[in-house]
């Protein structure tokens with residue numbers, strides 16, 4: 001029964017990825033830990049593989065459409081990869097407990113949920129979907145870009161989240177990429193982060209490859225109906241609903257690790 005429920009939720013992860021173009025991968029970790037009974041450190045490493053593979057599948061149409069900026073991916077991605085590998089190595093230290101990692105994950109989810117709910121409550125002009133973000137001090141855009149890349153990378157390495165909710169705005173506001181290019185480029189960066197983060201965990205945790213493959217398969221299937229439904233449901237309503245769902249999951253993780 002846990003496998004049936006877990007794989008059904010994995011399909012839901014793919015559904016949210018198809019609907020929102022990202023964000024659903026943050027649900028992989030709590031499903032692996034609280035439904036499938038995987039130890040948190042192992043679940044984080046497995047989440048990195050799942051996130052990286054699903055992002056690769058999502059990258060293919062963006063690559064074909066020319067929506068990937070390799071130069072920006074190299075500059076920003078190099079910082080995030082250093083941060084991700086560092087975060088993964090820190091996570092393997094005995095002093096970093098699994099409870100701390102899950103609490104950090106819950107806090108990151110709370111922040112992401114609060115921001116999604118806040119943005120969905122404000123009217124956004126269709127030609128400027130990032131109007132709700134603060135304006136950067138562009139005299140130091142390159143420095144902010146590298147700094148945010150390191151911070152997002154460390155968080156990815158510690159708790160396994162892809163960081164797309166922070167990468168896309170950074171690429172638009174700081175790297176001056178169009179939204180479509182930012183989304184495509186962010187997927188490439190997330191793939192690179194997942195690989196480096198997994199290498200940081202490799203040899204330190206046990207991995208259930210059968211579960212990983214089944215999760216990827218179920219999530220991939222879920223992206224198809226998600227992409228179809230996204231054409232018929234307003235984006236702001238989707239963001240608001242997903243934000244409240246993330247909030248509930250974050251509170252559940254906090255209570256479990258109190």
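Of note:
- For residue 111, the conditions (1) touching a residue at least 40 places away in the same chain (Cβ under 8 Å); (2) closer than 22 Å to residue 189 by Cα all hold with the exception of (1).
- Qualifying residues in region 188-211 (those that are in contact (Cβ under 8 Å) with a residue 60 or more places away in the chain and in a loop (DSSP other than H, G, I, E, B)) - the one nearest to residue 71 (Cα to Cα): 202
- Just one of the numbered conditions (1) assigned to a helix (DSSP H, G or I); (2) at pLDDT 85 or above; (3) surrounded by fewer than 20 Cβ atoms within 10 Å (Cβ to Cβ) is not true of residue 101: (3).
- Checking each residue in region 233-258 for being out of contact with any helix residue (DSSP H, G or I) (no Cβ under 6 Å at 6 or more places or on another chain) and modelled with pLDDT under 70 picks out 233, 234, 235, 237.
Okay, residues lined up against (1) within 29 Å of residue 247 (Cβ to Cβ); (2) over 18 Å from the mean Cα position of the chain (by Cα); (3) in contact (Cβ under 8 Å) with a residue 12 or more places away in the chain:
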{"site": "35", "(1), (2), (3)": "yes, yes, yes"}
{"site": "42", "(1), (2), (3)": "yes, no, yes"}
{"site": "45", "(1), (2), (3)": "yes, no, yes"}
{"site": "48", "(1), (2), (3)": "yes, no, yes"}
{"site": "54", "(1), (2), (3)": "yes, no, yes"}
{"site": "71", "(1), (2), (3)": "no, yes, no"}
{"site": "75", "(1), (2), (3)": "no, yes, yes"}
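- Being at pLDDT 85 or above, surrounded by fewer than 20 Cβ atoms within 10 Å (Cβ to Cβ), in a helix (DSSP H, G or I) and touching a helix residue (DSSP H, G or I) at 6+ places or on another chain (Cβ under 9 Å) is a property that holds for residue 214.
- Residue check, residue 166 closer than 21 Å to residue 118 by Cβ, under 17 Å from the mean Cα position of the chain (by Cα) and modelled with pLDDT under 80: yes
- Subset of region 78-92 [surrounded by fewer than 23 Cβ atoms within 10 Å (Cβ to Cβ) and closer than 17 Å to residue 104 by Cβ]: 86, 89, 90, 92
- Residue satisfying all of: in region 58-72; within 25 Å of residue 29 (Cα to Cα) and surrounded by 16 or more Cβ atoms within 10 Å (Cβ to Cβ); modelled with the highest pLDDT among these: 59
- Exclusive hit being modelled with pLDDT of 85 or more and surrounded by 16 or more Cβ atoms within 10 Å (Cβ to Cβ), set 107, 95, 33, 75: 33
- Set 117, 13, 50, 44: member being farther than 30 Å from residue 203 by Cβ, buried (at least 17 other Cβ atoms within 10 Å of the Cβ) and touching a helix residue (DSSP H, G or I) at 6+ places or on another chain (Cβ under 9 Å): 117
- Output for region 152-187, where each listed residue is more than 22 Å from residue 27 (Cβ to Cβ) and assigned to a helix (DSSP H, G or I): 170, 171, 172, 173, 179, 180, 181, 182, 184, 185
- Residue 206 at pLDDT 80 or above, buried (at least 22 other Cβ atoms within 10 Å of the Cβ) and more than 15 Å from residue 10 (Cα to Cα): no
- Taking first residues from region 140-162 that are at pLDDT 80 or above and partners that are buried (at least 19 other Cβ atoms within 10 Å of the Cβ) and not in a helix (DSSP H, G or I), the Cβ contacts under 6 Å between residues at least 6 apart in sequence or on separate chains come to 152/163; 156/163.
The values are calculated or read from the model by the stated rules, or taken from the named source; none is laboratory data. These numbers were taken from a predicted model, which means no experiment stands behind them. Reconstructed Cβ throughout: ideal geometry from the backbone, glycine too, with neighbour counts over all protein chains shown.
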